[in-house]
Amino acid sequence: MAGLLGIGGGLIAVPALLHILPQVGISAEKVPHVAIATSLAAIILTSLSSARAHHIRANIPWPLFKSMLPGFVLGALCSGFISELITAKSLQQIFALFVVLMALQMAFPFKTESNRSMPSPIALFFAATSIAIIAALMGIGGGVLLVPFLTWCGLQMRFAVGFSAATGLLIALFGSIGYTLAGWDAAGLPPWTLGYIYLPALIGIVSTSMLMAPIGAKAATGLPTAKLKKLFALFLMLVGLKLVFA
C-alpha cells in the first residue's frame with residue numbers, strides 16, 4: 001500500500017501492531033508505545049533507499065538542513081519521553097484521531113503550493129521540532145506533515161518530497177533512540193525488546209516491506225491509484241474510528 005499509494009507505512013503498521021501485539025504477551029498499557037516505537041524503527045531501514053534515490057536525483061535541498069536539522073533531532077529524541085507522560089488509552093486515541101485526519105486528507109487532498117518565501121531559521125527550527133514530535137509520537141516518518149508545510153512555504157513539490165524522504169530517516173532514527181531509552185527499564189515487556197522496540201515484529205515488517213514496496217510502486221503505473229487512494233482512505237477512516245472507540 002505504501003509503494004502503491006505513496007503513503008507512510010506507519011499508517012498501516014501501527015494499527016496492525018495495535019491488534020497483534022497483545023497476542024504476544026505485551027501488557028495493554030504498553031501496546032501503543034511498542035507499536036509506535038517498532039514502526040519508527042522499521043522506517044529507518046525502509047526509508048534508506050528512498051532517501052538515496054532522491055539524493056541521486058538532486059531532489060534534496062541540503063542547505064535547508066542547517067535550520068531544521070537540530071529541530072528534527074530534538075523533537076524526535078523527546079518523543080519517546082513525552083509518550084511516557086501519556087496513558088496508553090490516550091496515546092491510542094490520539095493516534096486514531098490522527099489516522100482519521102490523514103484519511104480525510106487522502107480522500108480530499110488540498111494543494112498547499114504557494115509563492116511565499118521561506119520562514120526565518122528560528123521559525124524553521126520550531127516548525128521542525130513540532131513536526132518531529134508529532135511524527136515520532138505517531139510512529140510515522142513525518143512526510144504527511146512536512147511536505148504540506150514546505151510547499152506552503154514556497155518550496156517546489158519535488159524538493160519538498162525529497163527533503164521529506166531524508167528527514168523521515170532522521171526522525172525515525174532519533175525517535176527510535178528516544179523510545180529505546182525511554183522504555184529501557186519499562187515493566188510489562190516481553191523478551192526480545194530493545195526499549196519499546198519489539199525486535200521480532202521489526203524483523204517481520206522490514207523483511208517483507210522491502211520485498212513488497214517495489215512491487216507496489218511498480219503496480220502504481222497500471223492501476224487506478226486515485227480511486228484506490230479514496231478506497232484506502234475509507235478503510236483508514238474505519239480503522240481510526242474503531243481505535244477511537246476501542
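Computed values, structure above
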quantity	calculated
For q = 0.16, 0.20, 0.21 Å⁻¹, Debye-computed log10 I/I(0) when each Cα of the range 139-197 counts as one equal scatterer	-0.58, -0.71, -0.75
Accessible-area composition of the chain, carbon plus sulfur, in percent [1.4 Å probe]	73 percent
Two-decimal ratio, the range 1-118, of alpha-carbon radius of gyration to 2.2 N^0.38 Å	1.25
Under 25 Å between alpha carbons - lysine pairs in the chain that sit 8 or more apart or on different chains	12
Estimated [θ] at 222 nm from DSSP helical runs (n ≥ 4, -39500 (n - 2.57)) normalised by residues in the chain, nearest 500	-23500 deg cm²/dmol
Radius of gyration and maximum dimension Dmax of the chain, Cα, Å	17.3, 52
Solvent-free Debye scattering, log10 I(q)/I(0), computed from the Cα coordinates of the range 45-172 at q = 0.12 Å⁻¹	-0.46
Most to least accessible of Met157, Met1, Met102 (protein chains only, probe 1.4 Å)	Met1, Met157, Met102
Amide H within-cut-off set for Leu194, under 5 Å, with H built and near neighbours excluded	Leu199
Cα radius of gyration and Dmax for the range 1-69 (Å)	15.8, 46
Order of exposure, largest accessible area first, which applies to Thr38, Thr87, Thr180 with probe 1.4 Å	Thr87, Thr180, Thr38
Shape of the range 118-233, Cα gyration tensor, a/c cut at 1.5	oblate
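The values are calculated or read from the model by the stated rules, or taken from the named source; none is laboratory data. Bear in mind the structure is a predicted one, so any value in this text is a computation, not a measurement. Areas reflect the complete protein model, heavy atoms only, side chains present, ligands, DNA and RNA absent. Shrake-Rupley method; radii C 1.70, N 1.55, O 1.52, S 1.80 Å.
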